[in-house]
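What follows is calculated from the coordinates using simple rules that are stated; it is not laboratory data. Fair warning: this is a prediction, and the values are worked out from it, not measured in the lab. Quick reminder, even Gly has a Cβ in these numbers, built from the backbone with ideal geometry, and neighbours come from all protein chains shown.
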Amino acid sequence: MINLILCISEAVAMDVVLTPTGTAGNAWSLNDRLGRTLGEITKSEHSDVFVIMPQPEGTLRTVKSTHASLDEAMSAIAKLTNGACTLDSQDWVSRGSAPGSS
């Protein structure tokens, strides 16, 4: 008798959050919702190219690395991870308008 084992592979969704690093507005860290580091995105100094630099053995290692905009880079990440890719701007913290503050 032959036993067949069927392996059903479902794409597991993972959300990615971009957090600005530094003050120049040209670099973002990439983390999942659990805070695990996935890499970073940087904007080239000499052109409007955004480069995804994933962790070498991480989930994002197969994503296309160069993009014409931050939105395009975020879309590529979302497509690969089958989840959301959002920007955590933290603007409300720096402006002193955090929820509940008066």
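Descriptive notes on the structure:
- Length added when fully stretched, Ala13-Asp32, from 0.36 nm per residue minus Cα-Cα: 5.8 nm
- Around Thr81: net Lys/Arg minus Asp/Glu count, Cβ-Cβ under 9 Å: -1
- Debye, to nearest 20: dipole size of the stretch 27-78, +1 on Lys, Arg Cβ, -1 on Asp, Glu Cβ: 180 debye
- Our coupling estimate for the stretch 45-53, obtained by passing each phi through the Karplus curve with A = 6.51, B = -1.76, C = 1.60 and θ = phi - 60°, is 5, 9, 7, 8, 9, 9, 10, 8, 10 Hz, Gly and Pro reported as x.
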